[in-house]
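One structure below.
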Amino acid sequence: MATMRTPIESGVPDNKQYLHPLMRKNYGNWKYHDRPRPGVLHHVAHSGDEIWTVRAGTQRQMDVYTVRKLCDIADTYADGHVRFTIRSNIEYMVSDAARVAPLVEALTSSGFPVGGTGNSVSSIAHTQGWLHCDIPGTDASGAVKALMDDLHAEFIKEEMPNRVRLSTSCCEINCGGQADIAIVIQHTKPPKINHDLVANVCERPSVVARCPVAAIRPAMVNGKPSLEIDESKCMCCGACYPPCPPMQINDPEHSKLAIWVGGKNSNARGKPTFMKMVASGLPNNPPRWPEVSAMVKKILYTYKEDARSWERVADWIERIGWPQFFEKCDLPFTKYLIDDWRGSRSSLNASTHIRF
C-alpha cells in the first residue's frame, strides 16, 4: 500500500509555539479579562492562572538599536515573551502582577508610551511610504509620527467615547484602509508621460490593462511606441505608475491629502460601514503636515465632546446626521465631497452569474 505523501506546509507558521506558556496552557479556556490601567490587559483562566499583557506604542519602522532595546526590555522584565499587534504596538506578557509596574516604567522611560487599549486612540495603521511602496504620493510614516506626537495623551488615556482607529495611506488605490478617521493622498492631475522612456521601460499592454477606467491606450509619439491618456476618463488614481514609472503622477503641488471618516470593520453595536470623504485639497506639507493634524484633531475632539458613550465615529454621525457633522466640525461642504461616481455600473459584474 502506498504511503501518503507528507504535505509541504507553506504560509504563516503555527504561532502557538511562540506563545507565553500560560497562554498555550489555557488556550481557548479563559474565564474573563479586564484592564487594571490603560495599556495593561489582565486575563484570568478557568484554571485560576492569570496573565498580564503590557502594550506600548512603537514607531513601526525601527532601526536595529530600537529593536535591540525592545528585546532587552523583554529579556529583563518579561522573560523574553513579546509579540506585535496589527497596528505595530508591542506587547509584553508576564504572569506576576508585581512585574507589571517595573515593565511599564522601563518602557515609558525608554520612550515607548504604554496605552492603546480600551476607549483610546490606538496607533495609526499606515502604509510604508517612501521606504517601501512603489507609488507613494507622500510619506505616511512621517504624517503618522507628526499626528501621534499631537495625540500622545489620547493614546495613554482611555477617555474617548469608544475606541478610535486611524489610518493613513500614501495613495488611493493600494492601502487606504477603513478607519474612524483616515488620511489619504489624492493625485489631482493625470500623469505626465515621458514618451522617450515608455518603449524601453513599460509593457504597454500591461499598462493599458491596469487602468480601471480604460483611459490609457497605445500611441505613436515622435515615431516611438508610447501611450496616451484620455483625460476626460482619467480619475487620477495612479494605478498606471507602478508598471510604468515614465507615467509620473506624483506632484509636489497637485498631490493633496484628504480626510475620510466613519469607516468601521467590526460588527459590535452596529454593522460595518464605509468611510466618507469630508475634507480634500489639504497641502502635502512635510515634515509635520500641520494642516492635516489640525483637521484630524478638530474632528476627533468634536467627536469626543459630542458623542455618547460607546458610539463609534460612524454611529455618532448616523445619529446627528451629515449636515450637523459638517456644522459641528466647522468644515466646508463642497461639490467635490458628493459621492456621485457611477462608473462602477459598467465596469463591475452586475449579474448573478459566478465568474472566475
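The values are calculated or read from the model by the stated rules, or taken from the named source; none is laboratory data. Note that the structure is predicted; figures quoted are calculated from it, not measured. Cβ sites come from the backbone with ideal geometry, for glycine too, and all protein chains shown count toward neighbours. Calculation scope for accessible area: heavy atoms of the full protein, side chains included, ligands and nucleic acids excluded. Shrake-Rupley method; radii C 1.70, N 1.55, O 1.52, S 1.80 Å.
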### Checking Ala294 against (1) surrounded by fewer than 15 Cβ atoms within 10 Å (Cβ to Cβ); (2) in contact (Cβ under 8 Å) with a residue 40 or more places away in the chain; (3) part of a helix (DSSP H, G or I); (4) not basic (Lys, Arg), the condition it does not meet
(2)
### Query
When you scan the range 117-162, how many residues do you find that are over 23 Å from Ser255 (Cα atoms) and over 15 Å from the mean Cα position of the chain (by Cα)?
18
### Summary
Those residues of the range 241-272 that are assigned to a loop (DSSP other than H, G, I, E, B), under 28 Å from Cys202 (Cα atoms) and open to solvent by less than 20 Å² (accessible area, probe 1.4 Å) come to a total of 3
### Task
Name the helices (runs of 4 or more DSSP H) wholly inside the range 83-184 in which the number of residues that are farther than 23 Å from Pro286 by Cα, among the aromatic types (Phe, Trp, Tyr) and open to solvent by 50 Å² or more (accessible area, probe 1.4 Å) is 2 or more.
none
### Query
Looking at Ala214, is it modelled with pLDDT under 95, more than 30 Å from Glu318 (Cα to Cα) and open to solvent by less than 20 Å² (accessible area, probe 1.4 Å)?
no
### Task
Kindly indicate whether Glu327 is acidic (Asp, Glu), surrounded by fewer than 12 Cβ atoms within 10 Å (Cβ to Cβ) and modelled with pLDDT of 95 or more.
no
#### Entry: The one condition in (1) within 21 Å of Gln128 (Cα to Cα); (2) in contact with a Lys or Arg (Cβ under 7 Å, 6 or more places away or on another chain); (3) assigned to a helix (DSSP H, G or I) that Ala199 fails to fulfil
(1)
## Note on the structure
Note on Ser280: of the conditions (1) among the small types (Gly, Ala, Ser); (2) more than 18 Å from Leu337 (Cα to Cα); (3) open to solvent by 20 Å² or more (accessible area, probe 1.4 Å), unmet is (2)
### Query
Assuming Met275 fulfils every condition listed in (1) open to solvent by 60 Å² or more (accessible area, probe 1.4 Å); (2) closer than 30 Å to Ala314 by Cβ apart from one, which condition is it?
(1)
#### Entry: Members of the range 1-54 that are part of a helix (DSSP H, G or I), surrounded by 15 or more Cβ atoms within 10 Å (Cβ to Cβ) and more than 30 Å from the chain's Cα centre (by Cα)
Leu22
